[in-house]
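Beneath this line is the structure, given in structure tokens, with notes to follow.
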Amino acid sequence: MARQTFSWREASLPDLVSVSEIQLVVHEALQEDDVVLADRLELSPEGCFMLEVGGGVQGYVLSHPWIRRAPPTLNMMLGEIPDAADTWYIHDLALLPQARRSGAGGNVVPLLADIARSEGYGSMSLVSVYDSRGFWERQGFSVRMDERMAVKLASYGDEAIYMERTLA
């Protein structure tokens, strides 16, 4: 994979099939319904991208404005972006195993940061799962956990960690 060229392109509703298929591989324990994934794609298309490698899709990222320290419950419809949104939330960055360690994940984070800044947000936030904390720390994110947050993240699994990054 490291020698192949990858590119991120804007995602749209027709990409839902690929997003769902990738999710089945990457998120065996944290499945979300297609209607929830479609909700993210429709609410914030400017924050959703597909990873293409060699003419095939090997990953996706879904992101949208949200409220700091209040990540949505996993597999929950949002319906709308809250008026009080004050952070750019990375809902999911999922790469198929063959796309990992290619640099693609780290390549999309600056793109999301640029979008967040252009939309007027001074921070980005996310929930790290599957022991991905180290990756997110390399992208400038820091852990922001407390007991209340641990309860809130129960739907994300035992290893879930809330993280934030301040944007300059």
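The values are calculated or read from the model by the stated rules, or taken from the named source; none is laboratory data. If you're wondering where the values come from, they're calculated on a predicted model, not measured in any experiment. Glycine also receives a Cβ, built like all others from the backbone with ideal geometry; neighbour counts cover every protein chain displayed. Calculation scope for accessible area: heavy atoms of the full protein, side chains included, ligands and nucleic acids excluded. Shrake-Rupley method; radii C 1.70, N 1.55, O 1.52, S 1.80 Å.
Quick rundown of the values:
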| quantity | calculated |
| --- | --- |
| Among residues of segment 25-42, those that are assigned to a helix (DSSP H, G or I), among the hydrophobic types (A, V, I, L, M, F, W, C) and over 20 Å from V109 (Cα atoms), counted | 4 |
| Selection from segment 140-158 of residues that are in a loop (DSSP other than H, G, I, E, B), touching a residue at least 24 places away in the same chain (Cβ under 8 Å), in contact with a strand residue (DSSP E or B) (Cβ under 8 Å, 6 or more places away or on another chain) and surrounded by fewer than 20 Cβ atoms within 10 Å (Cβ to Cβ) | G140, R144 |
| Residue match in segment 99-108 (condition: buried (at least 20 other Cβ atoms within 10 Å of the Cβ), aliphatic (A, V, I, L, M) and assigned to a strand (DSSP E or B)) | no |
| Segment 81-90 - residue that is free of Cβ contacts under 8 Å to residues at least 24 places away in the same chain and either assigned to a strand (DSSP E or B) or open to solvent by 60 Å² or more (accessible area, probe 1.4 Å) (or both) and, of those, nearest to F141 (Cα to Cα) | A84 |
| Long-range neighbours under 8 Å by Cβ, at least six apart or interchain, first residue more than 15 Å from L95 (Cβ to Cβ) within segment 20-38, second part of a helix (DSSP H, G or I) and among the small types (G, A, S) | D34/S20; L37/S20 |
| Qualifying residue in segment 114-133 (condition: farther than 18 Å from F49 by Cβ and assigned to a helix (DSSP H, G or I)) | yes |
| Options P72, P65, P14; residue that is outside any helix (DSSP H, G or I) and free of Cβ contacts under 8 Å to residues at least 24 places away in the same chain | P72 |
| Residue within segment 43-55 that is in a loop (DSSP other than H, G, I, E, B), open to solvent by 40 Å² or more (accessible area, probe 1.4 Å) and either of a type in the set (F, W, Y) or within 22 Å of L13 (Cα to Cα) (or both) present | yes |
| Residue match in segment 13-24 (condition: modelled with pLDDT under 95, at negative phi and of a type in the set (V, I, T)) | no |
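Residue by residue, here is whether (1) among the aliphatic types (A, V, I, L, M); (2) closer than 22 Å to V129 by Cα; (3) loosely packed, with under 13 Cβ neighbours inside 10 Å holds:
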{"residue": "A11", "(1), (2), (3)": "yes, no, no"}
{"residue": "E32", "(1), (2), (3)": "no, yes, no"}
{"residue": "V36", "(1), (2), (3)": "yes, yes, no"}
{"residue": "R68", "(1), (2), (3)": "no, yes, no"}
{"residue": "N75", "(1), (2), (3)": "no, yes, no"}
{"residue": "G79", "(1), (2), (3)": "no, no, yes"}
{"residue": "D92", "(1), (2), (3)": "no, yes, no"}
{"residue": "L95", "(1), (2), (3)": "yes, yes, no"}
